[in-house]
Structures are given as C-alpha cells and as structure tokens.
Amino acid sequence: MISIQNLYKRYHNHHGSDWVLKDINIDIPSNVSVGLVGPNGAGKSTLLKLIAGMDEPDKGKIIRDCRVSWPIGLRGGLKGSMTGRQNVKFVARLHFGQADETMDEIIRSVEEFAEIGSAFDEPVRTYSSGMRSRLGFGLSLAFNFDVYLSDEATSVGDRRFKRKAQQVFKERVGQSSLIIVSHSEGILKDLCQAGIWLDNGKAHWFDDIEDAISAYHASSNFAPK
C-alpha cells in the first residue's frame, strides 16, 4: 500500500506561489491500478514524482511498503554525458546492485525494447525527447517493481511502438499495479480500476476509474467526443 498523509506541495517563485497540492490524504491499495485525471497544471505529474520519491513534499509524508518505479515517460533522470548503455549499467548498479552475470541480460532487454539502434551507444544528450523516453521506458521495465508509475509513457514513439507499450502495460497489470497519467481516457479505462481526480489542489479518490473521469468532466463542463 502507498499512504499519502497530509501532503502539501508548492513551487516557490518571485511572485509568490499557491499550493499545487494541498492536504491530500489517500491510501492507494496494493494490486489496484490507478489513473490520475485532471486538467493541465492540476499537479498530476507532481504527485507522481512525489510518490516516486523524486521530490519531497513541503508538508506531510508518503509511506510506501512496496517497490515503486520512477515515473516512466519523464525526460529527467538520465545522464546526458553518458551513452544509453552506460546509463543502463549506472542505474542497475546504483539502485539495484545487479551482479555482472545479470548485467548483460538487463542491457540486452533495454536495448531491444527501446529500439533506438546505434544511438544506444551515443551520449544521451544527443537523443530526441522520444528516444530518451523509449530508453527510460525500457530501463524501468527491466526491473521488477510492485508499482509502476507512468507519465504519458504509452504516447511515446510511432503507432507501432505505442501499441507495443500499451501491450506491455497490460501484461504488467497482471503482475504488478500501475499509477498512470494519460490524456487518453481509453488507456485509463483499459488499464485502471480506480481513479484519483485532482481539482484545485485537492485529490478525490474513486473506486471506479469511470467515476473519476465523470467527475472531471462534470467539473469542467467537458463533453467527451
């Protein structure tokens, strides 16, 4: 389970700042895949990074009793001066202490999944945003997590790669759970059981993803096509 307790988050600037997230109290059960919905700027990516431990709340805390991935799809987290191959080795040794005998298998799986060809041995700073996302996606899937976090990861690449990414996510749902941000309601309905609707800094839990999407629509007078 992931327990979010009395969480507040804001980013300070010269003009003052409002809370991006405020007084959030939600328990995300184990083995339940969750979709985050809300308008742009609602704090979906911020909440995902907080759950991953990539950022810290201003107030409150997040308790994790499970292994949580970094957000798949975010551009950050890779060393630009290192090649794709070197990044894979670095992450594997730093976070997971993988033995040399398993390293070749991890590298091969990431290289095959990312499908970036010879660029795998070029510095990551030379990558397009799509190539960086593909590499990050493949790197995340090379390790076993209890909860996978995704920030628009299934929108990466061409149509064929998108289908591939969506299929992998479906397979992972049977083994682990997901917390996912996506502008595709079809993907959310396909992959998630529950939903969190973010509105004006507040988070509202719904046991059914359809109800979360409906609440979002009602709040914005949005009529789906």
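The values are calculated or read from the model by the stated rules, or taken from the named source; none is laboratory data. Here the structure is a predicted model, which means the values were calculated and not measured. Cβ atoms come from the backbone with ideal geometry, glycine included; neighbour counts cover every protein chain shown.
Brief remarks on what is shown
- All positions within the range 143-155 that are modelled with pLDDT under 80 and either surrounded by fewer than 20 Cβ atoms within 10 Å (Cβ to Cβ) or on the phi > 0 side of the Ramachandran plot (or both): Glu152, Ser155
- For the range 37-48, residues that are touching an Asp or Glu at 6+ places or on another chain (Cβ under 9 Å) and not charged (D, E, K, R) total 7.
- Residue within the range 106-121 that is under 30 Å from Ile213 (Cα atoms), in contact with a strand residue (DSSP E or B) (Cβ under 9 Å, 6 or more places away or on another chain) and aliphatic (A, V, I, L, M) present: no
- Exclusive hit being in contact with an Asp or Glu (Cβ under 7 Å, 6 or more places away or on another chain), of a type outside the set (A, V, I, L, M, F, W, C) and under 22 Å from Ala92 (Cα atoms), set Arg108, Arg134: Arg134
- Whether a residue is assigned to a strand (DSSP E or B), of a type in the set (A, V, I, L, M, F, W, C) and either surrounded by fewer than 16 Cβ atoms within 10 Å (Cβ to Cβ) or in contact (Cβ under 8 Å) with a residue 12 or more places away in the chain (or both) was assessed, and Leu135 does not pass this test.
- Any hit, the range 8-31, residues being part of a loop (DSSP other than H, G, I, E, B), surrounded by 12 or more Cβ atoms within 10 Å (Cβ to Cβ) and of a type in the set (Ser, Thr, Tyr): yes
- Where strands (runs of 3 or more DSSP E) fall entirely within the range 167-213, those with at least 1 residues that are in contact (Cβ under 8 Å) with a residue 24 or more places away in the chain and under 11 Å from Ser33 (Cα atoms) are at 177-181, 194-199.
- Subset of the range 114-144 [closer than 30 Å to Cys66 by Cβ and among the polar types (S, T, N, Q)]: Ser129, Ser133, Ser140, Asn144
- A residue that is at pLDDT below 85 and closer than 30 Å to Asn25 by Cα cannot be found anywhere in the range 58-69.
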